[in-house]
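Asks: Structure below; questions to follow.
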Amino acid sequence: MRMNVPLLFERPILNVLRHYSRGIARVSQTVKDDPYSHFALKQKAETIHHVLGFKMSKAKNLLKKDRALAQKPLAHYTKISESLGSLKPIVGQSEESKNLFLSSPPVVLRNCQFLQECGATRATADVIASCQNFMAVPIGVFKSYANVDHAVDIQGRWLDLVSEPSWRLKNEKLLEQHTTPCSSISHVRNVVFSSYVARKWKIPFPKVLKWVEEGIRTLPLSIRRLMRTVSVLPKIGFDQENLWKNPSLLQCDPDSLELFVFTYKEDFLGQSASQFLLEFPEVAYQIDFSSLHSNVDNLRRFGVPAACIRNNLRNLLVQDPLVLQGKIRQMELYPELGVFVHHPRFTKLFDDVDTVVLRVKTFRAIDKRQITFTACTCSAKDFSALIQQRAQLRLSDEALRYLANRTGQSSKSVREMLRSHPQSRQLGSENMKKVMELVTARGFTKEQIFNGLHLVLYPVELVAKKLDELPTRPEMQPIETTIKEPTILQIVVYMLEEQFMFTGNGVFAKPPEKFD
């Protein structure tokens, strides 16, 4: 039997089903039409021309054909160029060469450091971008891939870095005992570095080798970088016990760590930089300072509290800044989504922002005032059922949690306060957030906001108008003293109710009808 759904509610459902598959395409088109990307096309092409030697026409054509390449900001191209240093890329096929600019700058820098330490002065763009793919081959084969002169003694170079004259012979014997001519270049590197750590920390070599193999595996990390890492980590506060428990810390970029600690020495998300790294060691080795700094800035600007960022570090801080910024920009257009920043699973919204935005538009179309986190993230089947529920059954948990955080009260107290108003079902997520931002920006305390909590039920334009009237009303004088009274916003609520004859007619919609 076909459900008798009114046209007003049926239309958004059909729209979601019809346009869901095209949501991502529309968002991508918006990015494609970004005027800044068009403006930077020439500079990006010039960088490709300078680095890879492509003709300008070929570089521009490559950008036009590959959307992912074109969407990278100009700063990304500049960082890739700087990361190469003195290493000259050998031009290969276009498909292989473009992978260099699709890689992240920290990865390119890491790979270049390793290649140059091995004696490479030139390498194909594919090897520079995907150096880890060639780490499982013997040194002789690696030299061929990386265009390293066969006369270069890579093992000898590494031994010179880690060995004092008196230890050189012992380290050579360790290398002979634990490697063969067929050993991969990554294993040889691990053995050499392990000999350095074993002597430095006075720990048995087999134990150190096992720890190093677990920590860096086949990653193309240079010996110089690894030596700096084990030197920097103890200065931050990591003792040997912490290091043994977290072998992945060897993957840290020492430069980013030092810059991070220096910049956020006193405070990072409510604690010192050193305390943060010690508490979240699994994040420390993923830190790229410029990316982290950009992500924190964007998240805080969107209103995400420090506690929420700390609880979702893997999903937020280590994302590509360009990707995260794009998602935040989409969400900023819908203030009601900002209500969810206190939800413990807030980051789930970032999994599929396009779908979340389409659902918010659908809720707006059917005038469903309270948009719940569940509705934004549930399955398509459950969402179809949710948007056919006409009645505003209760105050959403997300709205209560948001207001509790802004007023310093419990969710229970907020619920009781709102329910004391006959129009509590008129609470709308978007308007609620705007009113809270308004009174917070005006400098009212959490106590004052809680006492006048019913203001969130009134349109933000009316609330702003009444707040502007306060200094002009004789009974409010002297305003400098009155404005500090704990009940001042409660008085503003009374002024609004008085204006509409204590009936709500003209400001509140009729209660939503219930459908079977």
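The values are calculated or read from the model by the stated rules, or taken from the named source; none is laboratory data. On a predicted model such as this, the values are computed, not experimentally measured, just so you know. As a convention, Cβ positions derive from the backbone with ideal geometry for all residues, glycine included, and neighbour counts pool all protein chains shown. Calculation scope for accessible area: heavy atoms of the full protein, side chains included, ligands and nucleic acids excluded. Shrake-Rupley method; radii C 1.70, N 1.55, O 1.52, S 1.80 Å.
Asks: With +1 on each Lys and Arg Cβ and -1 on each Asp and Glu Cβ, and nothing else charged, work out how big the dipole of the chain is about its Cα centre, in Debye to the nearest 20.
Replies: Its charge dipole is roughly 1060 debye.
Asks: Then there's this: Residue by residue, what Karplus-based ³J(HN,Hα) values in Hz, rounded to whole numbers, does segment 232-248 have, using 6.51, -1.76 and 1.60 with θ = phi - 60° and x for Gly and Pro?
Replies: 7, 4, x, 5, 6, x, 7, 8, 4, 4, 5, 5, 5, 6, 10, x, 5
Asks: Once label points are set 7 Å from the Cα along Cα→Cβ at both LYS412 and SER104, what is their separation, rounded to one decimal in nm?
Replies: Placing both labels 7 Å along Cα→Cβ, they lie 4.4 nm apart.
Asks: Please enumerate, by chain and number, the lysines with C-alpha under 23 Å from the C-alpha of LYS170, excluding those fewer than 8 residues away in the same chain.
Replies: Within reach: LYS200, LYS202, LYS207, LYS210.
Asks: Give me the percent of the accessible area of the chain that comes from carbon and sulfur atoms, probe 1.4 Å, all protein chains in place. Don't skip to the end; give the middle numbers.
Replies: On the way: 13740 of 26140 Å².
Ligands and nucleic acids excluded, carbon and sulfur reach 53 percent.
Asks: Rounded to the nearest whole Å², what accessible area per residue is found for the chain with the 1.4 Å probe? Mind dumping the intermediate values first?
Replies: Working: 26140 Å² over 516 residues.
About 51 Å² of surface per residue is accessible.
Asks: Let me ask something else about it. Let me check the size of segment 53-201 from its C-alpha atoms; what are the radius of gyration and Dmax in Å?
Replies: 18.2, 59
Asks: Take the Cα pairs of segment 206-270, get the Kirkwood Rh, then feed it into Stokes-Einstein at 20 °C and 1.002 mPa s and tell me D in µm²/s.
Replies: Value of D from the Cα-based Kirkwood radius: 169 µm²/s.
Asks: Let me ask you something else. Got the relative contact order for segment 221-344 handy, in percent, Cα pairs under 8 Å and 6 or more residues apart? Before the final figure, lay out the partial values.
Replies: Numbers: 110 pairs, mean separation 26.2, N = 124.
RCO, segment 221-344: 21 percent.
Asks: Then there's this: Distance from the Cα centre of segment 48-126 to that of segment 284-363, in angstrom?
Replies: Answer, in whole Å: 29.
Asks: Label ALA75 and ARG364 with points 7 Å out from Cα along Cα→Cβ: what is the distance between them in nm?
Replies: For the pair ALA75/ARG364, the computed spacing is 2.9 nm.
Asks: Can you give me the long-range amide H partners of PHE268? Hydrogens built in the peptide plane at 1.01 Å from N, cutoff under 5 Å, separation of 5 or more residues or another chain.
Replies: So PHE268 has HN proximity to ALA273.
Asks: Continuing with this model, one more query. Grab the alpha carbons of segment 152-207, take their convex hull, and tell me the volume per residue in Å³. Intermediate results must be reported in sequence, preceding the final value.
Replies: Working: hull volume 4.4 nm³, N = 56.
That works out to 79 Å³ per residue.
Asks: Binned at 10 Å from 0, what are the whole-percent values of the Cα-Cα distance distribution for segment 289-338, short to long?
Replies: Here the calculated profile for segment 289-338 is 25, 62, 13, 0.
Asks: Considering the Cα trace of segment 407-448, what is its radius of gyration and what is Dmax, both in angstroms?
Replies: Both quantities, over Cα of segment 407-448: 11.1, 28 Å.
Asks: Give me the extension gain from GLU480 to SER290: residue separation times 0.36 nm, minus the current Cα-Cα distance, reported in nm with one decimal.
Replies: Computed gain between GLU480 and SER290 is 64.0 nm.
Asks: While we're here: Enumerate the lysines that LYS60 could reach by cross-link, defined here as Cα to Cα under 28 Å, with residues fewer than 8 away along the same chain left out.
Replies: LYS32, LYS42, LYS44, LYS72, LYS79, LYS88, LYS98, LYS327
Asks: Okay, moving on. Please work out how much length the chain gains when fully extended from GLU437 to GLU214, using 0.36 nm per residue of separation minus the C-alpha to C-alpha distance, in nm with one decimal. Could the numbers behind the result be given before it?
Replies: Values: separation 223, 0.36 × 223 = 80.28 nm, distance 4.88 nm.
This chain segment gains 75.4 nm when fully extended.
Asks: Among THR445, SER413, GLN155, whose Cα projects farthest towards the positive end of the dipole of the chain, with charges put on the beta-carbon of Lys, Arg (+1) and Asp, Glu (-1)?
Replies: GLN155
Asks: Once Rh is set to the Kirkwood radius over Cα pairs, what Stokes-Einstein translational diffusion coefficient, in µm²/s, holds for segment 268-421 at a temperature of 20 °C and a viscosity of 1.002 mPa s?
Replies: 126 µm²/s
Asks: Please give the contour-minus-distance gain from SER231 to GLU469: 0.36 nm per residue of separation, less the Cα-Cα distance, rounded to one decimal in nm.
Replies: 79.4 nm
Asks: Here's another thing I want to ask about it. Can you give the helix-only mean residue ellipticity at 222 nm for the chain, where every DSSP H stretch with n ≥ 4 adds -39500 (n - 2.57) and the sum goes over all residues, rounded to the nearest 500 deg cm²/dmol? Intermediate results must be reported in sequence, preceding the final value.
Replies: On the way: 33 runs with 318 residues, N = 516.
Value at 222 nm, helices only: -18000 deg cm²/dmol.
Asks: Continuing with the same structure: So if I restrict to the alpha-carbon atoms in segment 399-486, what is the Rg, and what is Dmax, the biggest pairwise distance, in Å?
Replies: Expressed in Å, the Cα Rg and Dmax of segment 399-486 come to 13.1, 37.
Asks: How high is the relative contact order of the chain, given as a whole-number percent (alpha carbon pairs under 8 Å, six or more residues apart)?
Replies: Details: 587 pairs, mean separation 46.9, N = 516.
So the answer I get is 9 percent.
Asks: Sticking with this structure for a sec: With the contact rule set at Cα under 8 Å and sequence spacing of 6 or more, what percent relative contact order holds for segment 133-249?
Replies: With pairs under 8 Å counted, the relative contact order is 26 percent.
Asks: Right, something else. Expressed in whole Å with the largest first, what are the equivalent ellipsoid semi-axes of segment 176-222 derived from the C-alpha gyration tensor as the square root of 5 times each eigenvalue?
Replies: Result for segment 176-222: semi-axes of 17, 13, 9 Å.
Asks: Looking at the P(r) of segment 223-309, how many percent of alpha-carbon pairs lie beyond 18 Å?
Replies: 40 percent
Asks: Take GLU282, project a point 7 Å from its Cα along the Cβ direction, then tell me which residues of segment 296-340 have their backbone nitrogen under 16 Å from it.
Replies: Residues 309-319 qualify, since their backbone N sits under 16 Å from the label point.
Asks: Between the DSSP loop rule and a limit of at most 12 other Cβ atoms within 10 Å, which trypsin sites (Lys or Arg not before Pro) in segment 248-330 are left?
Replies: Passing both the DSSP loop test and the Cβ count: LYS265.
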